[in-house]
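*Asks:* The structure's right below; bear with me while I get my questions together.
The values are calculated or read from the model by the stated rules, or taken from the named source; none is laboratory data. From a predicted model like this one, the values you see are computed outputs, not experimental measurements. Ideal geometry is used to build each Cβ from the backbone, glycine not excepted, and the neighbour counts take in all protein chains shown. Side chains are part of the model used for accessible areas, which takes the heavy atoms of the whole protein and leaves out ligands, DNA and RNA. Shrake-Rupley method; radii C 1.70, N 1.55, O 1.52, S 1.80 Å.
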Amino acid sequence: GRRVVTSIVETNRRCRAVFIELEDFHRDELAVYAICDDVGADRSGEKPGSIYRFAAAKGKPGEAGSTKQCYYDEQERVKNPAHRLVVEVDGEIAFRLCFPQSDQPHVKPAFRKSWAAALGALLLYGCASSGSKPDDSQAPPSNPLAGMAGRQLLILPAQYLAVSNPGGGWDILPGGPALLPILDEELGDTFRRRGVRSNWTFGGDITEIAARNGNLTGNPRQLSVQQIRRVRAGDTPLPEPLAGEIRGLVALTSARFVVLPLELRVDTRNNERAASLRILLIDSRTARVAWAEDIAATQTRDQQVITDTFSPYGFRQLARDIATKFADMVIPQ
C-alpha cells in the first residue's frame, strides 16, 4: 500500500539520505518518507542544517507540510477542483516531494483567466469611479493679495487724483490732497471690518508714525511716484529716490510688502461717471512691483452722483465703493 519514491535517491544523490532515515523515527509509515516543514526552493547556497537535507526540485519557493498534510492536500485537490490554483502555486514543492511520480494538472489557463477577470474588474471600477475633470476655466483668478490677510502689510496713502481731459489723457487734480485722505480712511475701515487688525498698517497710521519720527523717512503722502504712473509688474526696480523712501517707511513697521494706491482716475464725460484705482504691490527688499491692478468702481449715470463726485460726501461714496471691491479681492465675504 505504500508509494516508493525511487527518484529521490537517483536525482538528489550525495544529499546524506541516511541521516533522514536515522533521525526521523516518527514518519508516517502509510505514506512516503517524511519531508521537511521548511524546505526553500531558492537554492541560494546555504548548507543544510536540519534533518531535511534534500534540495528542492525545480519549482517556486514555499513551505512544505508533513507527509500526512501532503496526503490530505492531494485528496483536497481531487475533491475541490476550485482550489486547484492555490494548491498548485503555493504547494508546488510539497506536491513534488510527496508525489513525484504523479502528474500535476495544468494550471496556466486558470491562472490567466483569474488575472483577466481581476484586470477587467479593476478597469470597470476605474471607469465607474472616474468623474469629470474640473473645469479650470471656471476657477476664479488668483492674485498675490489673497494670501496677505494674515501677514504683515503696509498700505501707503493714495498719491494722485486724476480727471479725464478732452484729449483722452489724465490730469492731476490740484484738490486731490484734500480728498485722498478720505480714500485712505475707507480702505482702513473696510479691511478692519473684514477682520484685519494690527498686522496691517494703513495710510493714516503710517502718516502719524512718520510724523512722530520727524518725517526723516519722507512724507508718505508725497512720495516720488511721478516716474511710475505707467509702471507694470515685473519691470525694472523702482527708481530712486522712491525705492529709498519705501524702504525707510517699511523700516518703521514689521512688513515686507507694500500696497501703493497710486492713482485714482475719474472720468465724467458723456454724462456718466467711471472711476478706477491703480494698485501696486511692491516687494520692499527688491524694490520691484510684484503685482499691479486697476480696481474699477461701479459706473453710474445718476446726474446728482456725477455732480457730487468731488464733494466730500460724493467722494466718500466713491471711495467706499472702491474700497469694498478691493477688499473683495483680498478677503471675500
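*Asks:* Can you name every one of the strands (runs of 3 or more DSSP E) wholly within the stretch 252-333 that holds 1 or more residues which are without any contact (Cβ under 8 Å) to a residue 60 or more places away in the chain and in contact with a helix residue (DSSP H, G or I) (Cβ under 9 Å, 6 or more places away or on another chain)? I'd like the intermediate steps shown before the answer.
*Replies:* Values: elements: 257-267, 274-283, 288-296.
Filter on the stretch 252-333 gives 274-283, 288-296.
*Asks:* Considering only the stretch 218-241, I want to know if a residue exists there that is in contact (Cβ under 8 Å) with a residue 24 or more places away in the chain, open to solvent by less than 40 Å² (accessible area, probe 1.4 Å) and among the small types (Gly, Ala, Ser).
*Replies:* yes
*Asks:* Report, by residue number, each residue of the stretch 290-304 that is of a type in the set (A, V, I, L, M) and farther than 12 Å from Ala274 by Cβ. Give the steps one after another, and end with the answer.
*Replies:* Narrowing the stretch 290-304 to residues of a type in the set (A, V, I, L, M): 290, 292, 295-297.
Those that are of a type in the set (A, V, I, L, M) and farther than 12 Å from Ala274 by Cβ: Ala290, Ala292, Ile295.
*Asks:* Going through the stretch 249-306 one residue at a time, which ones are open to solvent by 20 Å² or more (accessible area, probe 1.4 Å) and of a type in the set (Gly, Ala, Ser)?
*Replies:* Just the residues of the stretch 249-306 that are open to solvent by 20 Å² or more (accessible area, probe 1.4 Å), to begin with: 251-254, 256-257, 265, 267-272, 274, 276, 278, 285-286, 288, 290-294, 296, 298-306.
Selection gives Ala251, Ser254, Ala274, Ser276, Ala290, Ala292, Ala296.
*Asks:* Considering only residues of the stretch 195-217 that are assigned to a loop (DSSP other than H, G, I, E, B) and open to solvent by 40 Å² or more (accessible area, probe 1.4 Å), which is farthest from Arg256 (Cα to Cα)? Reasoning before the result, please.
*Replies:* Looking only at the stretch 195-217, we keep the residues that are assigned to a loop (DSSP other than H, G, I, E, B), and these are 195-199, 202, 213-217.
Subset that is open to solvent by 40 Å² or more (accessible area, probe 1.4 Å): 195, 197-198, 213-216.
Values: Gly195: 20, Arg197: 17, Ser198: 15, Asn213: 20, Gly214: 22, Asn215: 20, Leu216: 19 Å.
Top of the filtered list is Gly214.
*Asks:* For the stretch 175-187, which positions are open to solvent by less than 40 Å² (accessible area, probe 1.4 Å) and either modelled with pLDDT of 95 or more or assigned to a loop (DSSP other than H, G, I, E, B) (or both)?
*Replies:* Narrowing the stretch 175-187 to residues open to solvent by less than 40 Å² (accessible area, probe 1.4 Å): 175-176, 179-184, 186-187.
Listed by number, the residues that qualify are Gly175, Leu179, Leu180, Pro181, Ile182, Leu183, Asp184, Glu186, Leu187.
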